[in-house]
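Enquirer: Provided herewith is a single structure, encoded as structure tokens, for subsequent inquiry.
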Amino acid sequence: RDENSLFIVEGEKIVSELINSDFIIDKVYATEPCYNLYSSKINEEILFKITKKELSRISNFKSPNNILAIVKKRNVKLDYDKIKGLTLVLDNISDPGNFGTIIRSCNWFNIKSIICSNNTVDLYNSKVIQSSMGSLFRVDIFYTDLVKFFKECSDNFNVYGTFLEGQDSKTVNVKPNSILIIGNESHGISDSLKQFIDTKITIKKFSDKIDSLNAAIATSILLYEFSK
């Protein structure tokens, strides 16, 4: 992916989302039913008909889903002036399924930008793409040094960080331009970022028999609370 600046998208739903995005498609391989369906939507010069056996040889899945696209990575530069409203910051999210689900939730709650630490899982990982269900084509996602990011822009935002102990998220008065930091699944928010946090928040727990929530579920709950 890095050497060629290309990534793979599989499945009819996600390819349909891809076609309606501003990502540039390099090639599409489809079995006959899908080939006929997409022949009017995709330039014939980049659309190729293949057999199910051929698709199974190039697919990441045990049961291929009729169509596979090779797509050019989008080179979008982080512009601090365009970061407005609620922005999500991901600090070393390592599970691709969690990341993809977080992207999907951001799309649902109309979050325009996700800022990721450089050690967050690759956006173009196949599991991230599949679990985002096409939402990655509608959310701007950037990777950067988060300490540098906060030093340059934290004065313009109210920064909320997720902790096991903190203010109940239901009681938070969210300001117009805010940043919500979600920490690593096992270790939480990095020590280097805690200095930039204005308000520590938590999701109120109703059982004493569990220690934490899944990162993607916690993000979805907080985005719902912050969007009220």
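Enquirer: At least 3 residues that are under 30 Å from Glu152 (Cα atoms) and either open to solvent by less than 50 Å² (accessible area, probe 1.4 Å) or in contact with a Phe, Trp or Tyr (Cβ under 9 Å, 6 or more places away or on another chain) (or both) in each: list the strands (runs of 3 or more DSSP E) lying fully within region 1-93 that qualify.
Expert: Numbers: elements: 6-10, 25-30, 47-49, 67-72, 86-90.
Hits in region 1-93: 86-90.
Enquirer: Collect the residues in region 154-179 that are over 21 Å from the mean Cα position of the chain (by Cα) and either closer than 24 Å to Asp122 by Cα or open to solvent by 80 Å² or more (accessible area, probe 1.4 Å) (or both), keeping them in residue-number order.
Expert: Asp155, Asn156, Leu164, Glu165, Lys170, Thr171, Asn173, Lys175, Pro176, listed by residue number.
Enquirer: How about region 100-141: which of its residues are under 15 Å from Leu180 (Cα atoms), hydrophobic (A, V, I, L, M, F, W, C) and either open to solvent by 40 Å² or more (accessible area, probe 1.4 Å) or assigned to a strand (DSSP E or B) (or both)?
Expert: Phe109, Ile114, Ile115, Cys116, Ile141
Enquirer: Another one. Inspect all residues belonging to region 169-179 and state whether any of them is out of contact with any Phe, Trp or Tyr (no Cβ under 9 Å at 6 or more places or on another chain) and assigned to a strand (DSSP E or B). Before you say what the answer is, go through the steps one by one.
Expert: Here is the first cut: in region 169-179, the ones out of contact with any Phe, Trp or Tyr (no Cβ under 9 Å at 6 or more places or on another chain) are 170-171, 173, 176.
Now narrow it down to the ones that are assigned to a strand (DSSP E or B): none.
Among the residues of region 169-179, not one is out of contact with any Phe, Trp or Tyr (no Cβ under 9 Å at 6 or more places or on another chain) and assigned to a strand (DSSP E or B), which makes the answer no.
Enquirer: Which pairs do you get when a residue that is without any contact (Cβ under 8 Å) to a residue 40 or more places away in the chain and closer than 12 Å to Thr162 by Cα, found in region 200-215, comes within reach of a residue that is open to solvent by less than 100 Å² (accessible area, probe 1.4 Å) and acidic (Asp, Glu), reach meaning Cβ atoms under 6 angstrom, with the pair 6+ apart or on two chains?
Expert: Between residues of region 200-215 that are without any contact (Cβ under 8 Å) to a residue 40 or more places away in the chain and closer than 12 Å to Thr162 by Cα and residues that are open to solvent by less than 100 Å² (accessible area, probe 1.4 Å) and acidic (Asp, Glu), the close pairs are Lys204/Asp168.
Enquirer: Considering only residues that are part of a helix (DSSP H, G or I), free of Cβ contacts under 8 Å to residues at least 60 places away in the same chain and of a type outside the set (Phe, Trp, Tyr), look in region 180-199 and name the one that is surrounded by the fewest Cβ atoms within 10 Å (Cβ to Cβ). Break it down stepwise before answering.
Expert: We begin by selecting, within region 180-199, every residue part of a helix (DSSP H, G or I); these are 191-196.
Filter once more, so that each one left must be free of Cβ contacts under 8 Å to residues at least 60 places away in the same chain: 191-192, 194-196.
Next, from what is left, pick out any that are of a type outside the set (Phe, Trp, Tyr): 191-192, 194-195.
Working: Asp191: 8, Ser192: 13, Lys194: 14, Gln195: 10.
Out of the qualifying residues, it is Asp191.
Enquirer: Which residue pairs have Cβ atoms under 9 Å apart, sit 6 or more places apart or on different chains, and have a first residue in region 43-54 that is under 15 Å from Glu10 (Cα atoms) and touching a residue at least 24 places away in the same chain (Cβ under 8 Å) and a second that is open to solvent by less than 90 Å² (accessible area, probe 1.4 Å) and part of a strand (DSSP E or B)?
Expert: As it stands, the answer is Glu54/Tyr29, since those pairs meet every condition given.
Enquirer: Going residue by residue through region 142-151, is there one that turns out to be surrounded by 13 or more Cβ atoms within 10 Å (Cβ to Cβ), closer than 23 Å to Leu123 by Cβ, touching a strand residue (DSSP E or B) at 6+ places or on another chain (Cβ under 6 Å) and of a type in the set (Ser, Thr, Tyr)?
Expert: Among the residues of region 142-151, at least one is surrounded by 13 or more Cβ atoms within 10 Å (Cβ to Cβ), closer than 23 Å to Leu123 by Cβ, touching a strand residue (DSSP E or B) at 6+ places or on another chain (Cβ under 6 Å) and of a type in the set (Ser, Thr, Tyr), which makes the answer yes.
The values are calculated or read from the model by the stated rules, or taken from the named source; none is laboratory data. It should be emphasised that the depicted structure is a prediction, and the values quoted were computed from it without experimental measurement. Glycine also receives a Cβ, built like all others from the backbone with ideal geometry; neighbour counts cover every protein chain displayed. Side chains are part of the model used for accessible areas, which takes the heavy atoms of the whole protein and leaves out ligands, DNA and RNA. Shrake-Rupley method; radii C 1.70, N 1.55, O 1.52, S 1.80 Å.
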